[in-house]
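Right, one structure below, let's go through it.
The values are calculated or read from the model by the stated rules, or taken from the named source; none is laboratory data. Bear in mind that the values here come from a model prediction, so they are computed numbers and not experimental data. Virtual Cβ from ideal backbone geometry, glycine too; neighbours counted across all protein chains shown. Surface accessibility is based on the protein's heavy atoms, side chains included, excluding ligands, DNA and RNA. Shrake-Rupley method; radii C 1.70, N 1.55, O 1.52, S 1.80 Å.
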Amino acid sequence: MATTTSTTTLEDSDLTLEVFDIPDSRIVHGKAFPLGLHPKDGAVPADIDSAVGYLENIAKTGTFRSLLSQHGVILIRGLPIKNAQDFSKFVTAFQLPQPHREVGLAGKRTTVTTNIKTANEEPPDVKFYYHSEYGRSAYFPGVLFFFSEKVPEQGGQTPLLSSLELYDRLAADLPEFLKDLSEKGIIGRQYFPAKDDPEAGHIGWNWKDSYGFEIKDGDSLEVQREKVEAVLRDTLQAKAEWQPNGALHVLQHLPAIRRIGSTGKPTFFNGFAGVYGRGRDNNALEPPYRGKDEKYHLPTTYGDGTPIPVEFQERLLEISDDIGFLTPWQPGDVALIDNFTVQHARTPWKGDRSLLVSLWDGHEKFVPL
């Protein structure tokens with residue numbers, strides 16, 4: 001039977017996980033961010049199957065769910081997780097509702113095993129800015145698992161921040177900006193080339209693979225587009241704008257600030273800072289928004305269509321870096337991340353890195369502000 005003490009010790013009859021200190025961790029709303037757990041006294045289970053059995057017993061009590069809600073991130077270290085197959089077994093132990101089906105994939109990922117993919121495969125010198133996973137969508141996962149299979153020689157730490165803390169900082173430093181985001185919402189725009197366009201190979205995604213789940217061989221272009229539009233409308237509440245070159249612009253009118261159902265806390269849930277940062281870095285802030293990386297970085301606007309001031313977005317990036325935490329990966333580490341309350345990013349690296357990801361629907365929900 002799992003228990004939680006004042007020192008956050010989790011145990012069943014065969015395994016005890018206890019807190020360990022993570023250098024440079026933060027305190028957010030009175031809780032450690034992230035929370036680090038490892039086997040007590042180095043008593044590591046003999047194999048992944050044994051570890052999964054122990055974790056399932058603990059998960060059945062709701063303890064992991066509670067800790068994730070409180071801390072936002074749990075970094076688990078010291079369990080016998082060596083490869084994608086082990087990681088696949090590990091993620092099932094947490095009794096989450098179901099794997100998340102990715103609709104609207106706009107990143108380079110490779111499926112490794114069932115429910116396990118590589119993290120984004122863009123070149124290692126490309127920086128990603130903070131974002132909520134699928135934060136530009138009305139359909140998103142609740143929990144992310146990152147598995148550090150191989151650590152690079154230099155860099156490659158995964159930046160994390162509490163979107164609850166980010167909301168607090170914006171309320172203090174940029175109240176006008178926060179008010180506009182809360183009242184107007186945002187319109188996100190994404191570019192998807194046609195699958196047969198050579199551009200799709202360079203970009204790494206296309207509208208047929210990202211949205212065309214119902215397309216069948218022999219469907220006319222008109223029918224294909226109708227099926228894509230149905231997915232956008234019914235699953236994402238999004239709008240399709242077809243371009244003269246056969247590409248698709250996906251427009252999504254969304255809130256930028258949400259409220260957590262279980263706690264009532266407001267959270268900064270979106271992905272537009274990352275869109276702005278990548279666009280700025282690639283000199284793509286002006287029409288036609290095509291950058292030096294030969295990709296389109298369509299801007300996010302306020303929900304009324306007006307531009308989001310550059311000075312606000314620059315300050316948002318500064319605050320994000322100020323409150324961010326760099327995950328000090330070791331081989332075999334796994335981070336459980338509450339997507340509702342935590343944003344993540346990517347630092348460049350040198351050397352060989354393997355970071356795997358698994359996306360799951362969670363138990364949390366958003367409620368109206």
Near Lys60, which lysines are there with a Cα under 19 Å away, not counting those fewer than 8 places off in the same chain? Lys89
Which one, Thr263, Trp207, His253, is farthest towards the positive end of the dipole of segment 165-318 when Lys and Arg carry +1 and Asp and Glu -1 on their Cβ? Thr263
For an R0 of 35 angstrom, estimate the FRET efficiency from the Cβ-Cβ distance between Phe20 and His249 and round to the nearest 0.05. 0.15
For helix 221-236, what angle does its Cα long axis make with the longest principal axis of the chain, in degrees from 0 to 90 and rounded to 10? 50 degrees
Those trypsin sites (Lys or Arg not before Pro) in segment 19-71 that DSSP places in a loop and that have at most 16 other beta carbons within 10 Å: Lys60
Relative to the present Cα-Cα distance, how much length would full extension add between Gln330 and Gln95 at 0.36 nm per residue of separation? 82.1 nm
Percent of accessible area on segment 165-318 owned by carbon and sulfur, 1.4 Å probe? 49 percent
P(r), alpha carbons of segment 107-195 - 5 Å bins starting at zero, rounded %: 2, 8, 14, 21, 19, 14, 11, 7, 2, 0
Using r as the Cβ-Cβ distance of Tyr139 and Val223, and R0 as 22 Å, what FRET efficiency do you calculate, to the nearest 0.05? 0.45
Contact order normalised by length for segment 165-318, with contacts defined as Cα pairs under 8 Å and 6 or more residues apart; what percent is it? 27 percent
Scan segment 108-201 for GluC sites (Glu not before Pro) in coil per DSSP, keeping those whose Cβ has at most 15 other Cβ atoms within 10 Å, and list them by number. Glu121, Glu153
Show that you can apply the helix-only estimate: for the chain, add -39,500 (n - 2.57) for every DSSP H stretch of four or more residues, divide by all residues, and state [θ] at 222 nm to the nearest 500. -8000 deg cm²/dmol
Distance in nm between pseudo-label sites at Ala172 and Lys40 (7 Å out along the Cβ direction from Cα): 3.7 nm
Under 16 Å from a label point 7 Å along Cα→Cβ of Asp125: give me every residue in segment 323-365 with its amide N that close. 347-352
Hand me the trypsin sites (Lys or Arg not before Pro) from segment 226-331 located in a DSSP loop with no more than 14 other Cβ atoms within 10 Å, in residue order please. Lys292
Just subtract the alpha-carbon distance of Leu285 and Asp196 from 0.36 nm times their residue separation and send over the number in nm, one decimal. 29.3 nm
If every Lys and Arg gets +1 and every Asp and Glu gets -1 at its Cβ, then about the Cα centre the chain yields a dipole, in debye to the nearest 20, of 360 debye
Could you tell me which of the pairs Lys31/Lys179; Lys150/Lys227; Lys195/Lys365; Lys82/Lys227; Lys216/Lys239 are separated by over 30 angstrom between their Cα atoms in the structure shown? Lys150/Lys227; Lys195/Lys365; Lys82/Lys227
extent check for the chain: Cα max minus min per principal axis, descending, whole Å, gives 63, 51, 40
Can you give me the Cα centroid spacing of segment 288-336 and segment 73-106 in angstrom? 25 Å
Let me see the pair-distance distribution of segment 165-318: every alpha carbon pair, 10 Å bin width, integer percents in order. 10, 34, 31, 19, 5, 0
Inter-part distance where segment 109-134 and segment 230-281 are each reduced to a Cα centre, Å: 18 Å
Sequence-distant lysines (8 or more away, or on other chains) whose Cα lies within less than 16 Å of Lys292: Lys127
So the FRET efficiency between Lys216 and Ser50, C-beta based with R0 = 56 Å and rounded to 0.05, is 0.80
Taking the Cα centre of segment 165-318 as origin, sum charge times position over the Cβ atoms of Lys and Arg (+1) and Asp and Glu (-1), and report the length of that vector in debye to the nearest 20. 300 debye
Could you check the spin-label model distance between Ser66 and Asp361? Points 7 Å from the Cα along Cα→Cβ, value in nm. 2.6 nm
Lys/Arg +1, Asp/Glu -1 at C-beta; segment 165-318 dipole; positive extreme among Gln313, Pro198, Tyr296: Gln313
Taking Cα atoms, the helix 48-59 axis meets the longest principal axis of the chain at an angle in degrees (rounded to 10) of 90 degrees
Per residue accessible area in Å² of segment 73-165, where ligands, DNA and RNA are left out and the probe is 1.4 Å: 38 Å²
